[in-house]
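Here is the structure we will look at, set down as C-alpha cells.
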Amino acid sequence: DPIEVVHKQQKSLLTQREVGAHTRSFRGALKSALRQDPDVILVGELRDLDTIAFAVTAAETGHLVFGTVHTTSADATVDRLIHAFPPRQQAQVRGMLAESLRAVTCQHLLPTPSGGRRPVVEVMIANDAIQSMIRKGKNFQIPTIIGTSRDQGMQLMDAELTRLAKDKAVVLEEAYARVLDKRAFEAALGQIGRAHV
C-alpha cells in the first residue's frame, strides 16, 4: 500500500498485493490471503484492530505471520497488540498471543562514529516465562525475563545500546538519547552525564 519492494520468485511462490491495483481494500486483501493457502504471510504494518485481529487469527491457525509495529520495545509491542482490542476481548487475545507469538525484535538504526549506520536490536523469544507473563497480563515483567535470558538468544535494547556505546560502535549521544534507564547507562559508561550529551 503501495508495494515498495518487488520480490523475485526463486525457491518459492510469492504473491504481492497492492491496494488499488490488485484489491479494493486492505481488509479485503487480508481476507482473500487466507483463501490462497499461504504458508507465510507478511503484513506490512499492524496498524488497526482489523489488521491485528487478522494477524493473530492467521498465526493461531498455523500460518507464519510477520508484521511490523511502530514500538520501541518488546513489552510495548505486546501491549500495543493487546490494547488494540476492546477490554472485553483482551483476556482472550492475551491467551491467543501467548500461544502463537514466537518472537519480537525491535530496532534502532544509529549513526556510527565513522559516518555509517548500525542496527541496535532488542530480541524477545516467547519462552514459557514470556508466555506466562503475556497470559497473566504482566507485560511489565517481560524486560526482566529478556534481561536474564541472554543464553536463549534474547537481549534488551538498553543492554545492547550500552554495549555498543562502550565499544564506540555507535555515536554516544545517539545511544544516550534512546536508552530508557539513563542512570544505569551513565553508571555503566562511568564518565557520561547529561552535561556531556
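Tabulated results
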| item | result |
| --- | --- |
| Residues within segment 54-63 that are of a type in the set (G, A, S) and surrounded by fewer than 18 Cβ atoms within 10 Å (Cβ to Cβ), tallied | 1 |
| Meets criteria (assigned to a helix (DSSP H, G or I) and open to solvent by 40 Å² or more (accessible area, probe 1.4 Å)) for A175 | no |
| Test set (1) open to solvent by 60 Å² or more (accessible area, probe 1.4 Å); (2) acidic (D, E); (3) closer than 24 Å to T148 by Cα - D79 fails condition number | (1) |
| Yes/no for E186 being open to solvent by 50 Å² or more (accessible area, probe 1.4 Å) and part of a helix (DSSP H, G or I) | no |
| Flag for D75 being out of contact with any Phe, Trp or Tyr (no Cβ under 8 Å at 6 or more places or on another chain) and either under 19 Å from L46 (Cα atoms) or modelled with pLDDT under 95 (or both) | no |
| Whichever residue in segment 43-52 is surrounded by fewer than 18 Cβ atoms within 10 Å (Cβ to Cβ) and at pLDDT 90 or above and, among such residues, is farthest from M96 (Cα to Cα) | D48 |
| Cross-chain or 6+ apart pairs with Cβ under 9 Å, segment 83-98 first and open to solvent by 40 Å² or more (accessible area, probe 1.4 Å), then among the β-branched types (V, I, T) and modelled with pLDDT of 95 or more | R94/V78; R94/I82; R94/I134 |
| Criterion: among the basic types (K, R), out of contact with any Lys or Arg (no Cβ under 9 Å at 6 or more places or on another chain) and at pLDDT below 85 - qualifying residue of K8, K31 | K31 |
| Residues (hydrophobic (A, V, I, L, M, F, W, C) and within 22 Å of Q152 (Cβ to Cβ)) located in segment 70-105 | A74, A76, V78, L81, L97, A98, L101, A103, V104 |
| Where a residue in segment 130-141 is without any contact (Cβ under 8 Å) to a residue 60 or more places away in the chain and its partner, wherever it lies, is assigned to a helix (DSSP H, G or I) and open to solvent by 30 Å² or more (accessible area, probe 1.4 Å), with Cβ under 7 Å and at least six apart | M133/Q141; I134/R94; R135/R94; G137/R94 |
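The values are calculated or read from the model by the stated rules, or taken from the named source; none is laboratory data. Quick caveat: nothing in here was measured; it's all calculated off a predicted structure. For neighbour counting, all protein chains shown are included, and Cβ atoms are generated from backbone atoms with ideal geometry for every residue, glycine included. The protein model used for the area step is the full one, side chains on, heavy atoms only, and it has no ligands, DNA or RNA in it. Shrake-Rupley method; radii C 1.70, N 1.55, O 1.52, S 1.80 Å.
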